[in-house]
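A short write-up of the structure that comes next.
The values are calculated or read from the model by the stated rules, or taken from the named source; none is laboratory data. The shown structure was predicted, so the numbers you read here are calculated from the model rather than taken from an experiment. Cβ coordinates were reconstructed from backbone atoms using ideal geometry, including for glycine residues, and neighbour counts include every protein chain displayed.
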Amino acid sequence: MPSKPSLRLGTRRSPLALAQAHEARARLCAALGWDEDQVELVLVIASGDKIQDRPLADIGGKALWTRELDKWLVEGRIDAAVHSMKDVETLRPEAIAIGAILPRADKADVLLGARSLGAIPQGSRVGTSAPRRAAQLLNARPDLEVVGIRGNVATRMAKLQAGEADATFLAAAGLARLGEGTVGTRLDPEEWLPAPAQAAIGLECRAGDQETREFLQAIDHAPSREEVLAERALLEGLGGSCHSPIAALTRREGQRLHLTAAIFSPDGSIRIAGESLFEPADVDAPRKLAQELLAEAPEHVAAHFGIAG
């Protein structure tokens, strides 16, 4: 008998990363008719998981989530890697390809510690290390104080309970994947724009590994891929880094994509928004929207963009 096909799937060790890896494995096995043991989960410690006391932007940005997995993938120690696509740099090595995007979950953020943004008491401390969340919060509520808070979902919830902040934000998709979908208040993504590619799980593989690419193709969700690639094209056009406050929401209108995007000054005092309606294959449209946003931005705001990552 021929040997069973197998795939080594690399993942970070955090509870959320493991939940995403288990979902990817389950989808692969269902689509390909494999037994669960034919997909081996290979746990990799990412730099971003080792350093919890500083904002990502200060210590290397999004690469802290992908560096080790990229290395293991290129070296052939794993066949594919599971990522939260919002944490994957815009510009990727030529040797690595996005093999699949899983069906995207709820794109919204959840507020913990208050029933709404308006209900947060004046002068409260809101914990976040995300420039998008900080700037968007201060744009809506300049009376609030932003305090840095990092860590996985459980760590951030514990910090809130310990009084390190009065409120904080988490992604609805992450909470749902951890079985905490009833926690907090869901913020309408039309009003509180999410991060580009939020709630999307991606699987990357070696660009030249045709067999693995065919395996991953079986679980690629085309509508989610189209949205994610559009939002990544926007990021590329903005030259956004981990320091850049960028928010985006894509929704489908018939056969076309409707992308709403906003960029902010870090202190939230300036918000520049725009939108575009385009065919899914038209990645130039999001880049054009990016250029329109930057053209409207004052120089001191535009200075926070222009470095892709």
Next item on the list: Take the stretch 176-187 and flag every residue that is at pLDDT 95 or above, of a type in the set (A, V, I, L, M, F, W, C) and closer than 19 Å to residue 115 by Cβ.
Entry: 187
Next item on the list: Could you run through the stretch 218-260 and say how many residues are crowded, with 24+ Cβ neighbours inside 10 Å and out of contact with any helix residue (DSSP H, G or I) (no Cβ under 9 Å at 6 or more places or on another chain)?
Entry: 1
Next item on the list: Please find, within the stretch 146-195, the residue that is nearest to the chain's Cα centre (by Cα) out of those that are β-branched (Val, Ile, Thr) and part of a loop (DSSP other than H, G, I, E, B).
Entry: 149
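Among what's in the stretch 11-43 and is assigned to a strand (DSSP E or B) and more than 16 Å from residue 219 (Cβ to Cβ), pick the residue that is farthest from the chain's Cα centre (by Cα).
The extreme case among them is 40.
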